[in-house]
């Protein structure tokens, strides 16, 4: 049966399939509990909800006997780090420049699960970020790879550009040996992180992670992280891109996961003009759409402010009257970074005096104070 399932999985575009059992995860409850107690999940409350089922697969489904963990490659053709240097462009994480992987991967998982169920007359449940399932931990336990120092699953054969899914089944399969770490003394992923989101190897503080800040975090982004975000408008690939194991990875083979050319290096000036309708149209069918226009434009305004290009100041000025205070606040910050003091003061008189949102008012206060400081530094003694 296993050979048939493996052959089917390969036909469906999966680059790896390994099997584990629920009793092969003895340390998962403690690891998850410590991470949650530290608050390292930030505002991702869904991580704490149903934590008992995350820590115990049998708690999610008592009839579970075996877990099939599958991987699909999405390695980009270009080097994501090259885009970070193009400050007039927005950097979108490689996985998000294409069709939403949840839709593609879950469809493949359902097809494989149906095949297994029909061949073996067994029950199956498929998961791809849609239930309290710890895919990375399961993948390591099944032997697909190991969680690297950046906490992402790593494979000697496929690097770390991997999308993961799981099939829970009532069938009895012989489990594979768990994955073994091969990071050695390498610190490339830790050292490149722009916000120092790794307090130690194999530990991630999501509250400092650019992917969390630009995608999951709903409110204003703290000033201490804004400059480090650079032009990353959705997610961050830095720690993935530098991993030396990627030299063995193949680019994504599934045509449904092909990257969209218009999302590989979108101009910040064009992104800044998006209203809700044009945002939905541009990002239809991609993971970016789920973040929403206002949160995305917040990120774009930060990227505009980090561009160092006064020609983009107009993009920020145009958003000073945006309906969303989240966008207005970051537009103020961008203006303070790009414009001369007199221009900032004039904009404050025009837009800031009547501002009703407390966060945006704070941004105006900070921007005018910054410009006064810059004016003092350039004035003759």
Tell me which residues, restricted to the stretch 75-92, are over 20 Å from residue 155 (Cα atoms), in contact (Cβ under 8 Å) with a residue 24 or more places away in the chain and not in a loop (DSSP other than H, G, I, E, B). 81, 83, 84, 89, 91, 92
Residue 264: within 18 Å of the chain's Cα centre (by Cα) and over 23 Å from residue 220 (Cβ atoms), yes or no? yes
Conditions (1) more than 24 Å from residue 195 (Cα to Cα); (2) free of Cβ contacts under 8 Å to residues at least 24 places away in the same chain; (3) in contact with a helix residue (DSSP H, G or I) (Cβ under 7 Å, 6 or more places away or on another chain): number failed by residue 281: (3)
Qualifying positions in the stretch 195-218 - touching a helix residue (DSSP H, G or I) at 6+ places or on another chain (Cβ under 7 Å) and part of a loop (DSSP other than H, G, I, E, B): 195, 196, 197, 198, 201, 218
Those residues that are under 14 Å from residue 72 (Cα atoms), under 16 Å from the mean Cα position of the chain (by Cα) and not in a loop (DSSP other than H, G, I, E, B), I need them from the stretch 150-190; list them, please. 153, 162, 163, 164
Quick one: how many residues across the stretch 176-194 are touching a helix residue (DSSP H, G or I) at 6+ places or on another chain (Cβ under 6 Å), at pLDDT 95 or above and surrounded by fewer than 19 Cβ atoms within 10 Å (Cβ to Cβ)? 3
By residue number, the members of the stretch 211-242 that are closer than 12 Å to residue 193 by Cβ and free of Cβ contacts under 8 Å to residues at least 40 places away in the same chain are 225, 228
By my count, helices (runs of 4 or more DSSP H) wholly in the stretch 2-74 with at least 3 residues that are at pLDDT 90 or above, surrounded by 12 or more Cβ atoms within 10 Å (Cβ to Cβ) and more than 25 Å from the chain's Cα centre (by Cα) are 2-11
In the stretch 104-130, which residues are surrounded by 16 or more Cβ atoms within 10 Å (Cβ to Cβ) and within 28 Å of the chain's Cα centre (by Cα)? 104, 105, 106, 108, 109, 112, 113, 125, 126, 127, 128
Find the residue count for the stretch 275-293, including only residues that are buried (at least 18 other Cβ atoms within 10 Å of the Cβ) and either over 17 Å from the mean Cα position of the chain (by Cα) or at positive phi (or both). 2
So which residues in the stretch 199-210 are over 25 Å from residue 143 (Cβ atoms) and crowded, with 16+ Cβ neighbours inside 10 Å? 205, 206, 207, 208, 209, 210
Identify, by number, the condition in (1) closer than 22 Å to residue 235 by Cα; (2) buried (at least 23 other Cβ atoms within 10 Å of the Cβ) that residue 85 doesn't meet. (2)
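The values are calculated or read from the model by the stated rules, or taken from the named source; none is laboratory data. Small disclaimer: the values here were computed from a predicted structure and weren't measured. Virtual Cβ from ideal backbone geometry, glycine too; neighbours counted across all protein chains shown.
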